[in-house]
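Note sheet for the following structure.
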Number of protein chains: 2
Amino acid sequence: MNGGRHLAKGSPKPALPDDGVFRLHSMRFCPYAHRAHLVLNAKNIPHHTIYINLKEKPEWLTEFSPLGKVPALQLPKEEGYPALIESLIIAEYLDEKYPEVPLFPIDPLKKAQDKILIERFNSVISVMNKVFLGGSDAAPDALTEISKGLDIFEKELSSRGTPYFGGDKPGMLDYMIWPWYERSAMLKYLLPEKYELDKERFSKLIAWRDLMINDPAVKGHYVDGETHAKYMKARRENAHDYDMLL
Amino acid sequence: MNGGRHLAKGSPKPALPDDGVFRLHSMRFCPYAHRAHLVLNAKNIPHHTIYINLKEKPEWLTEFSPLGKVPALQLPKEEGYPALIESLIIAEYLDEKYPEVPLFPIDPLKKAQDKILIERFNSVISVMNKVFLGGSDAAPDALTEISKGLDIFEKELSSRGTPYFGGDKPGMLDYMIWPWYERSAMLKYLLPEKYELDKERFSKLIAWRDLMINDPAVKGHYVDGETHAKYMKARRENAHDYDMLL
């Protein structure tokens with residue numbers, strides 16, 4: 001929509017065809033919105049993407065997202081054109097509504113265990129965010145913390161003995177943690193010590209990454225580490241270059 | 001278990017019968033553990049409760065709960081005696097595994113919408129916690145914020161036109177927000193201004209509370225506002241009187 005340009009304050013609401021197709025309100029560099037893109041891609045669900053300038057939000061955003069956040073997924077086929085927010089809620093909704101390509105395990109226990117891992121990944125997310133925004137000075141032990149958080153996932157992949165957390169193909173856990181894993185590649189460009197994950201300590205995760213990068217759903221929304229770093233460096237200067245990929 | 005006494009550092013792991021029954025690790029005044037009690041009660045699922053002293057945790061707690069948190073639900077019937085953590089993950093697991101008494105709506109959209117409301121209730125939780133722990137001085141606009149947060153739920157009950165959020169009986173949304181609603185009754189005892197919810201502004205929620213208090217699942221774990229306040233006042237002095245109900 002709008003050529004992928006991020007709509008800002010003052011932008012008219014985009015005129016979209018009355019085609020009943022999902023409308024995903026997103027921001028190109030938002031890792032939470034990234035989750036919604038991955039699930040929609042993995043399930044081959046047609047959708048329009050409406051990119052939002054989160055610094056100068058269009059006035060009509062709160063019609064779809066009461067707190068003005070992305071992702072917000074509007075469902076034009078449902079009565080009243082409701083919209084869903086929160087990346088994990090959107091992901092699970094799509095998994096229940098479109099079970100043809102199941103992403104969560106069917107077994108309730110395995111599903112709950114994968115959700116716990118997604119929850120535990122939040123500790124990696126919060127440290128990564130500090131480093132992305134402030135460099136290693138912002139969190140002196142950050143790289144140690146990130147590695148300790150990722151140890152859990154390395155060990156999990158090892159004990160599952162499968163190439164993906166989801167088995168022979170990516171499942172919900174793979175897609176829910178991927179946005180930050182993809183962004184971890186920018187640490188090399190953001191930190192003076194050119195940080196990369198230890199190849200021995202994280203051998204399974206690195207093999208997993210090499211597979212994930214070639215997954216069609218991931219490819220459909222992929223940005224390399226250098227580009228993520230470029231966006232983040234500008235953001236650190238409070239210059240949100242939302243449209244830098246256009 | 002152990003007469004309801006909270007087990008502390010140094011306590012041996014409780015000897016439980018090998019009966020395949022769920023083991024809920026809880027703390028009597030923890031609102032998140034309260035959620036798990038409500039779901040187990042509502043579904044009439046037999047379980048042992050192991051109360052944990054969260055200030056001086058028993059050494060074996062991390063076997064069931066890697067971060068040492070409650071609730072942690074151990075599943076002795078499953079291979080490897082796995083345990084689940086995180087109140088919402090436990091609640092949804094139980095709802096999927098024991099569908100005889102369904103708590104979430106069956107329709108994926110309605111379910112997602114209820115989850116969004118549970119998520120939005122977090123803003124009420126965070127302000128309530130500030131007031132519980134520090135009084136109205138700790139958050140000057142707290143009472144206004146709590147009321148603004150509850151407006152969403154008053155409006156929702158009104159638009160649903162049913163006595164409970166779940167319809168004619170309590171559903172998952174009712175049970176997931178109840179622990180804090182129950183605790184809001186302590187504001188009257190904690191604050192000098194004897195705070196109570198405005199009877200006109202929150203007429204639906206107050207009628208809902210009167211029904212909820214008589215729900216068997218709620219009754220099974222209910223504590224009145226004065227008692228909650230007594231626990232909280234001691235906690236403010238760093239005296240965790242976990243066993244005060246015994």
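The values are calculated or read from the model by the stated rules, or taken from the named source; none is laboratory data. Here the structure is a predicted model, which means the values were calculated and not measured. Using ideal geometry, Cβ is built from the backbone for each residue, glycine included, and neighbour counts are taken over all protein chains shown.
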| field | Lone unmet requirement of (1) without any contact (Cβ under 8 Å) to a residue 40 or more places away in the chain; (2) farther than 27 Å from A:E79 by Cα for B:L133 | value | (1)
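Working only within region A:1-30, note down all residues that are small (G, A, S), under 28 Å from A:M232 (Cα atoms) and over 17 Å from the mean Cα position of the chain (by Cα). Give the derivation first.
Going through region A:1-30, the residues small (G, A, S) turn out to be A:3-4, A:8, A:10-11, A:15, A:20, A:26.
Going one step further and asking which of them are under 28 Å from A:M232 (Cα atoms), we end up with A:3-4, A:8, A:10-11, A:26.
Once the filter is applied, which keeps residues that are small (G, A, S), under 28 Å from A:M232 (Cα atoms) and over 17 Å from the mean Cα position of the chain (by Cα), region A:1-30 yields A:G3, A:G4, A:A8, A:G10, A:S11.
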| said: Quick check on my filter: what residues within region A:14-61 are more than 29 Å from A:M128 (Cα to Cα) and among the acidic types (D, E)? | reply: A:D18, A:D19, A:E59
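Please give the helices (runs of 4 or more DSSP H) falling wholly within region B:61-151 in which 2 or more residues are facing chain A (nearest Cβ under 10 Å) and under 27 Å from B:Y164 (Cα atoms).
Details: elements: B:61-64, B:87-97, B:108-120, B:122-134.
In region B:61-151, B:87-97, B:108-120 are the helices (runs of 4 or more DSSP H) which contain 2 or more residues that are facing chain A (nearest Cβ under 10 Å) and under 27 Å from B:Y164 (Cα atoms).
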| note | Of A:A83, A:A72, the only residue that is in contact with a His (Cβ under 6 Å, 6 or more places away or on another chain), assigned by TED's automatic domain parsing to the domain that holds A:N53, at pLDDT 95 or above and surrounded by 18 or more Cβ atoms within 10 Å (Cβ to Cβ) is A:A72
| query | Here is a list of conditions, (1) among the aliphatic types (A, V, I, L, M); (2) surrounded by fewer than 15 Cβ atoms within 10 Å (Cβ to Cβ); (3) touching an Asp or Glu at 6+ places or on another chain (Cβ under 7 Å), and B:V127 meets all of them except one; can you say which number that is? | reply | (2)
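Can you tell me how many residues in region B:164-195 are part of a helix (DSSP H, G or I) and surrounded by fewer than 17 Cβ atoms within 10 Å (Cβ to Cβ)? Break it down stepwise before answering.
Initial filter on region B:164-195 (part of a helix (DSSP H, G or I)): B:172-184, B:187-190.
So of that shortlist, the ones also surrounded by fewer than 17 Cβ atoms within 10 Å (Cβ to Cβ) come out as B:188.
Final tally of qualifying residues: 1.
Being outside any helix (DSSP H, G or I) and either outside the structural domain of B:I177 (by TED's automatic domain parsing) or crowded, with 18+ Cβ neighbours inside 10 Å (or both) is the filter here, so list the residues in region B:196-208 that pass it. Before you say what the answer is, go through the steps one by one.
Residues of region B:196-208 that are outside any helix (DSSP H, G or I), as a first pass: B:196-202.
Across region B:196-208, the qualifying residues are B:L197, B:F202.
Return yes when A:Y242 is more than 25 Å from A:R120 (Cα to Cα), surrounded by 19 or more Cβ atoms within 10 Å (Cβ to Cβ) and outside the structural domain of A:Q113 (by TED's automatic domain parsing) and no when it is not.
Working: more than 25 Å from A:R120 (Cα to Cα): yes; surrounded by 19 or more Cβ atoms within 10 Å (Cβ to Cβ): yes; outside the structural domain of A:Q113 (by TED's automatic domain parsing): yes.
When the stated conditions are applied, A:Y242 passes them.
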| remark: Of those in region B:39-60 that are surrounded by 15 or more Cβ atoms within 10 Å (Cβ to Cβ) and either of a type in the set (S, T, N, Q) or facing another protein chain (nearest Cβ under 10 Å) (or both), the residue nearest to B:D18 (Cα to Cα) is B:T49
| task | Would you be able to tell me the number of residues in region A:210-226 that are without any contact (Cβ under 8 Å) to a residue 40 or more places away in the chain and more than 13 Å from A:Y181 (Cα to Cα)? | result | 2
| region A:1-46, residues that are assigned to a strand (DSSP E or B) and either more than 21 Å from A:L103 (Cβ to Cβ) or basic (K, R) (or both) | A:L7, A:R23, A:H25
| message | Just to be sure before I move on: is A:K155 at pLDDT 95 or above, in a loop (DSSP other than H, G, I, E, B), outside the structural domain of A:H34 (by TED's automatic domain parsing) and not small (G, A, S) in the structure I sent? | response | no
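Do we have B:E100 as out of contact with any Ser or Thr (no Cβ under 6 Å at 6 or more places or on another chain), modelled with pLDDT under 95, acidic (D, E) and under 29 Å from B:A207 (Cα atoms) here? Walk me through it before giving the result.
On the way: out of contact with any Ser or Thr (no Cβ under 6 Å at 6 or more places or on another chain): yes; modelled with pLDDT under 95: no; acidic (D, E): yes; under 29 Å from B:A207 (Cα atoms): yes.
Considered against the rule, which asks whether it is out of contact with any Ser or Thr (no Cβ under 6 Å at 6 or more places or on another chain), modelled with pLDDT under 95, acidic (D, E) and under 29 Å from B:A207 (Cα atoms), B:E100 comes out as no.
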| Within region B:209-242, tally of residues that are at pLDDT 95 or above and in a loop (DSSP other than H, G, I, E, B) | 9
